[in-house]
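Each remark here refers to the structure printed beneath this line.
Values quoted throughout were computed directly from the atomic coordinates according to the rules given, and no laboratory measurement underlies them. Treat the numbers as computed from the prediction; the structure is a model and nothing was measured. Please note: Cβ atoms are built from the backbone with ideal geometry, for glycine as well, and neighbour counts cover all protein chains shown.
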Amino acid sequence: MSATAPKPETMNGAESLVHTLLASGVDTCFANPGTSEMHFVAALDRIPGMRCVLGLFEGVVTGAADGYARIAGKPAATLLHCGPGLANALANLHNGRRANTMMVNCVGDQATYHRPLDAPLTADTEGLARSVSGWVRTASSAANVGADAAVAVQAAQTSPGQIATLILPSDTCWDSGGVIGMPLPIPKPATVDGHVVRNAAAALRNGKKTLILLANAALRAEPLADAVRIAQATGAMLLAQGSNARVERGEGRHFIDRIPYPVDQAIARLKDVEQVILVGAVKPVIFFAYPNKPGTPVPANAVVHVLSRPEHDQAQALAALAEELGQPAAVPAPGFIGGEVGRGKITSEAFAASLVALLPENAIVADESVTFGRAIYPNTAGARRHDWLTVTGGAIGGGIPLATGCAVAAPHRRVVNLEADGSAMYTLQGLWTQAREKLNVTTVVFANRKYQILLGELANVGANPGRTALDMMDLGNPDIDFVKLANGMGVEAARADTMEQFNDLFTQSLSREGPFLIELMT
């Protein structure tokens, strides 16, 4: 028990919760509280050590916790209000689940004796939580809250990471009898046994055209370096999933391309593949079903081998495979390419050139650039060292919160948020949190004033759109003014109509503390 902890006979459940989270290494809480959580809020005020970050919408809270964990390598807590508050948070919890994000959700609920009265906020909170959580529990009494919280933190950090949701009826927080839970050991990731490694090595030697598909921790610098030398020694194709929680890339690190999002491009990229070896990945699937097109880009006759599942130790798996193959020679990683910034008309390729030239060392890129951004990732491999994070679950509105959480986790690193204008409008409130916390985030909004991706999807499904359909893809009439919106939430902002203007604004944003937004007219 810490020196600041009250005695068990006077400690309430909320106080035991805060003490347990802190003892378990959780020291950041992204919050949007309500009445049911007031005793937790009061405990946070009385007990030092927890950084509390307010979000104005629950989707900002959970998206920020997602970004925080991806960079910090440990979970944050969230504080959400009852079932409807959890429901508001679900889209970015879905994204976090797809990223295998470590997160501990603390969700208030009706007092145990009040719930049968069916008050207005009563909901199937457990049912909502299960749809996005790997672990769910409802506390039954103040005496159990601390132990429940310790298990939640352990569950969140069990490989490959998952969302743990602890539902707290309000009386379990205000009742006395709270007991601090002891921190629990975190299980080590499972390792891959020799038989599996030998089978993968045999597949790589059989002469068939092979794809090695990486995801999760296999995309960190050292495992990726092993994967590159394995691929080069065997002639295998090396790709990452289309969306990934975190890719370590840039100067001194190896580049890995991704399976394309557009269905026809993905199918064309993999058309000659005869076998696939999965490393921390699952068999790839097309985002949506389309008439007369397959559900996976992997050819139907291709054989799929599993070297490691997401929960395995990816570094161990790849190192063991390299050893089984006779330790193929290391492949030198490329250096900083740099080059000239993009000039003139704003294009995806020109923007990528500017990013290569201007992105600062050790930056974090949170990418929700959607259609405009498809040329940016493959053309920025030669930038200075950085991490690249994407919205993994396809639920739009992840980018701004993701960037917010990254900046909380790494205050001395510049976060660059590449953001589509339609997506930005889902969680724009995250800019307010960036201003309040003085976070070093440069947000670039690609303003084409339309849902460009949906125009492409209309073509993919063979639709012949008329005026009504096209109007539903249009973000004009009236035009959205992101400069004014950002200013209204305390974020300095400016508009760029040319690459020269963007280059100047981006450079200025890197030299100042706090958030800055650039509306890039594409």
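Of all DSSP bridge pairs formed entirely within segment 348-521, close to 5 percent run antiparallel. Candidates Leu168, Ala383, Phe502 compared by Cα position along the dipole of the chain: farthest toward the positive end lies Ala383, with charges placed on Cβ. Between segment 390-445 and segment 271-293, the C-alpha centres lie 30 angstrom from each other.
Helix 221-234 and the longest principal axis of the Cα set of the chain meet at an angle near 30°.
The length gained on full extension between Arg343 and Lys271, counted as 0.36 nm times the residue separation minus their Cα-Cα distance, comes to 22.3 nm.
What is segment 194-324's relative contact order, in percent, from Cα pairs under 8 angstrom and six or more apart in sequence? Walk me through the numbers before you get to the answer.
Details: 228 pairs, mean separation 42.7, N = 131.
RCO, segment 194-324: 33 percent.
Partner aspartates and glutamates whose Cα lies under 19 Å from the Cα of Lys484, excluding those fewer than 8 positions away in the same chain, are identified as Glu419, Asp421, Glu492, Asp497, Glu519. In sequence order, segment 392-408 has phi-based couplings of 6, x, x, 7, 6, x, x, x, 5, x, 4, 4, 4, x, 4, 5, 5 Hz under the Karplus curve 6.51 cos²θ - 1.76 cosθ + 1.60, θ = phi - 60°, and Gly or Pro positions carry x. Net charge of the neighbourhood of Leu307, taken over other residues with C-beta under 12 Å away and scored Lys/Arg +1, Asp/Glu -1, is -2. Less than 5 angstrom separates the built amide H of Ala76 from those of Ala69, Val104, all sequence-distant by 5 or more or on a different chain.
Counting Lys and Arg as +1 and Asp and Glu as -1 over every other residue whose Cβ lies under 12 Å from the Cβ of Ala330, the net charge comes to -1. Note on Ala469 and Ser140: the extension gain reaches 113.4 nm, defined as 0.36 nm multiplied by sequence separation minus the Cα-Cα distance.
Which entries in the list Lys209/Lys293; Lys74/Lys438; Lys74/Lys208; Lys283/Lys345 go over 32 Å, if you measure between the two C-alpha atoms of each? Write down the numbers at each step before the final one.
Numbers: Lys209/Lys293 23 Å; Lys74/Lys438 22 Å; Lys74/Lys208 40 Å; Lys283/Lys345 39 Å.
From the list (Lys209/Lys293; Lys74/Lys438; Lys74/Lys208; Lys283/Lys345), the Cα-Cα distance tops 32 Å for Lys74/Lys208; Lys283/Lys345.
Once the other residues with Cβ under 10 Å from the Cβ of Gly514 are scored (Lys, Arg +1; Asp, Glu -1), what is the net sum? Taking every other residue near Gly514 into account, the sum is -1.
For each of His386, His254, His412, count neighbouring Cβ atoms within 10 Å of the residue's Cβ, then give the residues from fewest to most.
Numbers: His386 23, His254 20, His412 7.
Listed from fewest to most nearby Cβ atoms, that is His412, His254, His386.
Let's see if you can work this out: charge +1 on each Lys and Arg Cβ, -1 on each Asp and Glu Cβ, no other charges. What is the dipole magnitude of the chain about its Cα centre, in debye to the nearest 20? Can you show the working numbers first?
Working: 41 positive and 47 negative charges, 233 e Å.
Dipole of the chain, to the nearest 20 debye: 1120 debye.
Please work out the FRET efficiency for the pair Ala375 and Ala42, using the Cβ-Cβ distance as r and a Förster radius of 45 Å; give the result to the nearest 0.05. Intermediate results must be reported in sequence, preceding the final value.
Details: r = 51 Å, r/R0 = 1.13.
It comes to 0.35.
With angles folded into 0 to 90 degrees, how steeply does helix 499-510 sit against the dominant principal axis of the chain? Use alpha carbons for both and round to 10. The two axes meet at around 40 degrees.
The calculated FRET efficiency for Gln508 paired with Ala333, based on their beta-carbon distance and R0 = 35 Å, is about 0.65. Among Arg449, Arg137, a tally of other beta-carbon atoms within 10 Å of each Cβ gives an order, fewest to most, of Arg449, Arg137.
Rounded to the nearest 5, what is the percent of antiparallel bridges among the DSSP beta bridges in the chain? Display every interim value, and only then the final one.
Details: 5 of 72 bridges.
Of all bridge pairs located within the chain, approximately 5 percent are antiparallel.
Spin-label pair Glu500-His195: with each label point 7 Å from Cα along the Cα-Cβ axis, the two points sit 6.8 nm from one another.
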